[in-house]
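Since the structure comes first, as structure tokens, the remarks are kept for the end.
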Amino acid sequence: MIASSVHFRVAAVQMVSGADVAANLAQAEPLIAKAAEQGAKLVLLPENFGLMGLQAKGKIAVREPDGDGMQQAFLSAQARRHRITLIGGSVPIACDDPTRIKQALLVYGPDGARIARYDKVHLFRFTQGDENYDEAKTISAGSTVQSLIADCGRVGLSICYDVRFPELYRSLSDLALIVVPAAFTVPTGAAHWETLLRARAIENQCYVLAAAQGGTHPGGRRTWGHSMLVDPWGEIVAERADGAGVVIGDIDAARIADVRSRLPALMHRTL
């Protein structure tokens, strides 16, 4: 059952991260504060909030041991300072392979303690013109679906490319919210971003909160932006096209219940 708080305010932080971790955390800090000041109880940072370097292998140089490091300490401190649930869209966590990292979504509770970790399962590969990406070269894929219970209900965890794989979310039941921190390219974002987010909301009859990178990064890489909150009917509640900023909206338990009662598609599943 979808639970608890009738209205639960959430925020997606959109960033244009660069190649300096400290500078990126300094960019994120006032945006988190702004979200908290506007009443957000759950705040989502984008994928690669701490580093969008000149090369993909740059994340290996700033990888952190699990449980210790600049990005993890920052997330814990910010969650505790603002008494929020703070989701770091991805942190490069060391793994057994010294040439790769785990792309780990980390969740911290209002007391600053870590309450969930999800390692990106699906690794992006895309070639078009001058753009050539293959995350498997620097990331070791995760293998486990993860969720957590917040005051709004169950929250499904995912990262960027995962949004193309509906079976990941179907393995979770009775979701109130799906989070999608991302760094979509401009070509894939223009073609698919909104469609994918709305589809995941419609088929799971829940809210989808997406926090994106949105701008031009070191080396000329461009990301699509368009962070947004989508409701269970597939309607966009709030959106930011590009540039750093905050998207705010409410998870409304009554809205979820109404959509599911009028169109009980989840009850009609047979597979």
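Does the range 31-60 hold any residues that are of a type in the set (A, V, I, L, M, F, W, C), open to solvent by 70 Å² or more (accessible area, probe 1.4 Å) and free of Cβ contacts under 8 Å to residues at least 60 places away in the same chain, and which are they? Walk me through it before giving the result.
Kept after step one, since they are of a type in the set (A, V, I, L, M, F, W, C), are these residues of the range 31-60: 31-33, 35-36, 40, 42-45, 49, 51-52, 54, 56, 60.
The next check asks that each one be open to solvent by 70 Å² or more (accessible area, probe 1.4 Å); those that pass are 54.
Correct list: empty.
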Which of the residues belonging to the range 192-216 are of a type in the set (S, T, N, Q) and either over 21 Å from E131 (Cβ atoms) or in contact with an Asp or Glu (Cβ under 6 Å, 6 or more places away or on another chain) (or both)? N204, Q205
Pull up the range 97-113, narrow it to residues that are within 17 Å of the chain's Cα centre (by Cα) and of a type in the set (A, V, I, L, M), then point me to the one that is surrounded by the most Cβ atoms within 10 Å (Cβ to Cβ). L105
Return the total of residues in the range 132-147 being open to solvent by less than 40 Å² (accessible area, probe 1.4 Å) and either part of a helix (DSSP H, G or I) or at pLDDT below 95 (or both). 1
Whichever residue in the range 154-163 is out of contact with any helix residue (DSSP H, G or I) (no Cβ under 6 Å at 6 or more places or on another chain) and in a helix (DSSP H, G or I) and, among such residues, is most open to solvent (accessible area, probe 1.4 Å): Y161
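Criterion first (basic (K, R) and touching a residue at least 60 places away in the same chain (Cβ under 8 Å)) does R221 satisfy it?
So R221 passes the test.
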Is it the case that some residue within the range 198-208 is in a strand (DSSP E or B) and in contact with a Pro (Cβ under 8 Å, 6 or more places away or on another chain)? yes
Pairs under 6 Å by beta carbon, first residue within 12 Å of A36 (Cβ to Cβ) in the range 74-86, partner assigned to a helix (DSSP H, G or I) and open to solvent by less than 30 Å² (accessible area, probe 1.4 Å), six or more apart or different chains? Q78/I32; H82/A36; I84/A36; L86/L75; L86/Q78; L86/A79
Which residues, taken from the range 242-257, are open to solvent by 50 Å² or more (accessible area, probe 1.4 Å) and farther than 13 Å from A176 by Cα? D242
If I go through the range 164-181 residue by residue, how many of them are in contact (Cβ under 8 Å) with a residue 24 or more places away in the chain and either open to solvent by 20 Å² or more (accessible area, probe 1.4 Å) or part of a loop (DSSP other than H, G, I, E, B) (or both)? 7
Going by the structure shown, is A33 touching a strand residue (DSSP E or B) at 6+ places or on another chain (Cβ under 7 Å) and of a type in the set (G, A, S)? no
In the range 61-96, residues that are assigned to a loop (DSSP other than H, G, I, E, B) and open to solvent by less than 10 Å² (accessible area, probe 1.4 Å) total 1
Restricting attention to the range 187-219, the residues that are within 26 Å of K57 (Cβ to Cβ), buried (at least 18 other Cβ atoms within 10 Å of the Cβ) and either aliphatic (A, V, I, L, M) or touching a strand residue (DSSP E or B) at 6+ places or on another chain (Cβ under 6 Å) (or both) number exactly 4
Note on the range 6-25: residues open to solvent by 10 Å² or more (accessible area, probe 1.4 Å), in a helix (DSSP H, G or I) and either in contact (Cβ under 8 Å) with a residue 12 or more places away in the chain or within 19 Å of I87 (Cβ to Cβ) (or both) are V21, A22, L25
So R269 fits all but one of (1) buried (at least 18 other Cβ atoms within 10 Å of the Cβ); (2) more than 28 Å from Q103 (Cα to Cα); what number is the exception? (1)
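The values are calculated or read from the model by the stated rules, or taken from the named source; none is laboratory data. A quick note: this is a predicted structure, and the numbers were derived from the prediction, not measured. No Cβ is skipped: glycine too gets one built from the backbone with ideal geometry, and neighbour counts run over all protein chains shown. The accessibility values were calculated without ligands, DNA or RNA, using every heavy atom of the protein model including side chains. Shrake-Rupley method; radii C 1.70, N 1.55, O 1.52, S 1.80 Å.
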